[in-house]
Amino acid sequence: MSARREISFIRESARSVPSWWPKFQNRLTSMLELLRHDKSQKSVRILKVMLVPFGDVDRRNLEVLADKLQQVLPDSEVKLTAAAEIPLNSFVPSRQQSLADAFLSALLKIAQAKERRKALGVTDRDLFAPSMNFVFGQALRNVAVISTYRLMPRHDLNNRIELLQLRILKEAIHELGHTLALGHCPNSFCVMHFSKSIDDTDLKSQCFCSTCSAKVRKLTGTHHSIR
Ligand SMILES: [Zn+2]
Ligand SMILES: [Zn+2]
């Protein structure tokens with residue numbers, strides 16, 4: 001082989017693709033397609049929650065809540081919004097309490113513009129429903145509100161803030177569970193158990209029991225493996 005022909009042969013070899021390349025390239029393309037498809041499926045299943053403070057709610061507690069909610073609900077996106085106005089006429093002077101329904105109506109309007117988004121309101125007002133002395137929270141369709149008023153621990157407790165934040169988290173998950181169409185659970189350790197008093201809230205965990213967890217997975221798709 002002359003020197004000139006040898007150079008031409010080397011150049012030709014460098015340009016030609018190995019025999020296995022087309023097969024490998026096809027496989028790579030289909031793998032990337034699968035990944036793209038899976039990503040788009042997953043984005044549909046993401047639980048988008050707007051966290052809406054009403055009035056003067058401690059921002060630190062809200063930031064902790066947003067962070068912990070995302071840990072408990074793995075495929076969720078929790079966004080803390082600016083404070084909303086306390087709904088007009090929500091305060092009922094004869095009861096010295098605020099009507100939870102008024103907050104839910106305001107939240108429905110806030111959430112309306114955001115497709116598939118859930119809105120969770122947090123207020124320090126003492127909430128009530130017409131048939132009850134008070135409520136820790138209430139849900140309606142894709143929105144819910146919780147009150148920190150009756151979650152405040154006694155002043156002499158060392159772990160006051162941690163306990164308050166844990167109670168807020170439990171009530172928040174409970175109400176979000178209702179927005180996912182879950183009802184109350186007879187298991188007193190399940191987050192979906194109805195709290196008649198703060199003792200019930202302290203007894204239950206921030207987790208869904210296996211039955212409620214399975215219901216959530218069925219209602220929202222497998223990506224919502226709520227712990
Ligand atoms: Zn409930
Ligand atoms: Zn349960």
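The values are calculated or read from the model by the stated rules, or taken from the named source; none is laboratory data. Given the structure is predicted, the values throughout are model-derived calculations rather than measurements. Heads up, the Cβs are rebuilt from the backbone with ideal geometry, glycines too, and the neighbour counts pull from every protein chain shown.
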Legend entry - Single condition Asn142 does not satisfy, out of (1) in contact (Cβ under 8 Å) with a residue 40 or more places away in the chain; (2) away from ligand 1 (no atom under 15 Å from the Cβ); (3) within 20 Å of Ser76 (Cα to Cα): (1)
Inset, instruction - Looking at (1) charged (D, E, K, R); (2) surrounded by 16 or more Cβ atoms within 10 Å (Cβ to Cβ); (3) outside any helix (DSSP H, G or I), find the lone condition where Arg154 falls short. - result: (2)
Inset, instruction - Would you please name the residue that is surrounded by the most Cβ atoms within 10 Å (Cβ to Cβ), looking only at residues in the range 206-224 that are away from ligand 1 (no atom under 15 Å from the Cβ) and assigned to a loop (DSSP other than H, G, I, E, B)? - result: His224
Inset, instruction - Would you confirm whether any residue within the range 168-186 is at pLDDT below 95, in a loop (DSSP other than H, G, I, E, B), away from ligand 2 (no atom under 15 Å from the Cβ) and not charged (D, E, K, R)? - result: no
Legend entry - Condition check for Val78: of a type in the set (Val, Ile, Thr), farther than 17 Å from Ser147 by Cβ and not in a loop (DSSP other than H, G, I, E, B): yes
Inset, instruction - Quick one: Glu162 ticks every box in (1) outside any loop (DSSP other than H, G, I, E, B); (2) crowded, with 16+ Cβ neighbours inside 10 Å except a single one, so which number is it? - result: (2)
Inset, instruction - Filter the range 187-214 down to residues that are among the charged types (D, E, K, R) and free of Cβ contacts under 8 Å to residues at least 24 places away in the same chain and give me whichever is nearest to ligand 2 (Cβ to nearest atom). - result: Asp200
